[in-house]
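One structure is given below, encoded as structure tokens.
The values are calculated or read from the model by the stated rules, or taken from the named source; none is laboratory data. This is a predicted model, so every value here is computed, not measured. Cβ coordinates were reconstructed from backbone atoms using ideal geometry, including for glycine residues, and neighbour counts include every protein chain displayed. Keep in mind that these areas ignore ligands, DNA and RNA; they rest on the heavy atoms of the full protein, side chains included. Shrake-Rupley method; radii C 1.70, N 1.55, O 1.52, S 1.80 Å.
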Amino acid sequence: MSEVTGSWLNDLPKVELHLHLEGSLEPELMFKLAQRNNIKLPFDSVEQIQEAYIFNNLQDFLDIYYQGANVLQHEQDFYDLTWAYLEKCHSQNVIHVEPFFDPQTHTDRGIEFSVVIKGITRALNDAQKQLDISSQLIMCFLRHLSEDAAFDTLTQAVPFIDKIKAVGLDSSEQGHPPEKFSRVYKKARELGLLTVAHAGEEGPADYIWTVINDLKVSRIDHGVRAVDDSALMLYLKKNSIPLTVCPLSNTRLKVFDNMSEHNILVMLEQGICVTVNSDDPAYFGGYMTENFIALADSLSLTKNQAIQLVLNSIEASFVDDIRKAEMRNLLESRIN
Ligand code: HPA
Ligand code: ZN
């Protein structure tokens, strides 16, 4: 038993730094968009979709995730997807988000880059005005594709560069080492973008070293396999390099067999800047609150630990010091 309740965790102001917008596509919206766009889905009902969401590893999930994204065709579809996620955030007191989007999943199907980014950013702007949720957008490259394809995507992003804060790297980690993207990351940094990358989810701790040294990332997405390398753990702690950890994702994709085996709180107690995030909530059984609740249920999360996890997210976010102070003050005023 944990000293925190679900409603306390839901009320706690929170910040999300690892969320794939395409992974927030709920089955209900998938059906609605399929109907609107005249697309035949290989499922007959929401229940059938949910039954298909049993994964043994990352690739099992990715196959179904890319298939789901096919229903996204028009600017309004990307708006509706993003807005639904932001409304969910509002209902869970998430006050700042830094979502990822995967342009190649859409441009490879003939959807214009501008259609994707305009729909997403219109929803993010509306959320700032109507829901008081601030945001920064991160554009991911798919690592199973070539570096040339990533360069092409970066070129398409240039007219919209003021709407993008950072680049990231996602999709199949095993067999796709980060150094494949060294040059395109260098180009992104020259364009003024920050960098993050998925590393150490299924791949080895070595990949975490590479994204630090080669890709010069400000944060590591997942990074849970850092515990295999004590020198790396020391480095992460000394340099305050944040990890965006996704507990429900990690158990659904069998990175850990059980939540009780998850290492997030061990790393927290060791002084690593770990944060809680939902990754692909429509596929993994929960948004921010449910991820915190999972830690309470299986790892006896304490109030102080929950607060420290949020403080870590605020510190690790890509906003200026004024907004960080504002978020810390809001957190302070709401905890009791
Ligand atoms: N890992 C890699 N790629 C992804 C993920 C993930 O957890 N979610 C969506 N794309
Ligand atoms: Zn992810």
All conditions in (1) within 16 Å of ligand 1 (Cβ to nearest atom); (2) of a type in the set (D, E, K, R); (3) not in a loop (DSSP other than H, G, I, E, B) are true of residue 179 except (1)
When restricted to 174, 156, 128, the only residue open to solvent by 20 Å² or more (accessible area, probe 1.4 Å) and either within 16 Å of ligand 2 (Cβ to nearest atom) or in a loop (DSSP other than H, G, I, E, B) (or both) is 174
| Given the structure, is residue 215 among the hydrophobic types (A, V, I, L, M, F, W, C), open to solvent by less than 60 Å² (accessible area, probe 1.4 Å), more than 14 Å from ligand 2 (Cβ to nearest atom) and part of a loop (DSSP other than H, G, I, E, B)? | yes
Is there a residue in region 262-269 that is of a type outside the set (Asp, Glu), farther than 20 Å from residue 239 by Cβ, in a helix (DSSP H, G or I) and open to solvent by less than 10 Å² (accessible area, probe 1.4 Å)? no
Listed by range, helices (runs of 4 or more DSSP H) wholly within region 1-62 having at least 2 residues that are within 25 Å of residue 102 (Cα to Cα) and open to solvent by less than 80 Å² (accessible area, probe 1.4 Å) are 27-36, 46-52
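Condition check ((1) aromatic (Phe, Trp, Tyr); (2) at pLDDT 95 or above; (3) touching a Leu at 6+ places or on another chain (Cβ under 8 Å)) across all residues:
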position	(1), (2), (3)
57	no, yes, yes
67	no, no, no
89	no, yes, yes
95	no, yes, yes
104	no, yes, yes
107	no, yes, no
Worksheet item: Would it be correct to say that residue 250 is within 13 Å of ligand 1 (Cβ to nearest atom) and not basic (Lys, Arg)?
Response: yes
The condition from (1) open to solvent by less than 60 Å² (accessible area, probe 1.4 Å); (2) assigned to a loop (DSSP other than H, G, I, E, B) that residue 254 misses is numbered (1)
With the first residue restricted to region 164-176 and required to be closer than 16 Å to residue 135 by Cα, and the second required to be of a type in the set (Lys, Arg), Cβ contacts under 9 Å at 6 or more apart or on different chains are 166/219; 167/189
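Residue by residue, here is whether (1) within 16 Å of ligand 2 (Cβ to nearest atom); (2) more than 23 Å from the chain's Cα centre (by Cα); (3) closer than 23 Å to residue 296 by Cβ holds:
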| residue | (1), (2), (3) |
| --- | --- |
| 3 | no, yes, yes |
| 12 | no, no, yes |
| 17 | yes, no, yes |
| 27 | no, no, no |
| 31 | no, yes, no |
| 43 | no, yes, no |
| 54 | no, no, no |
| 75 | no, no, no |
| 82 | no, no, no |
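Every residue, every condition in (1) among the basic types (Lys, Arg); (2) more than 13 Å from ligand 1 (Cβ to nearest atom), yes or no:
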| site | (1), (2) |
| --- | --- |
| 200 | no, no |
| 215 | no, yes |
| 219 | yes, yes |
| 227 | no, yes |
| 231 | no, yes |
| 234 | no, yes |
| 237 | yes, yes |
| 241 | no, yes |
| 245 | no, no |
Practice task
Determine whether region 156-172 contains at least one residue that is within 20 Å of the chain's Cα centre (by Cα), over 17 Å from residue 58 (Cα atoms) and hydroxyl-bearing (Ser, Thr, Tyr).
Solution key: no
Cβ pairs under 7 Å, 6+ apart or interchain, first in region 108-119 and charged (D, E, K, R), second open to solvent by 20 Å² or more (accessible area, probe 1.4 Å), ordered by first then second residue, are 109/70; 118/75
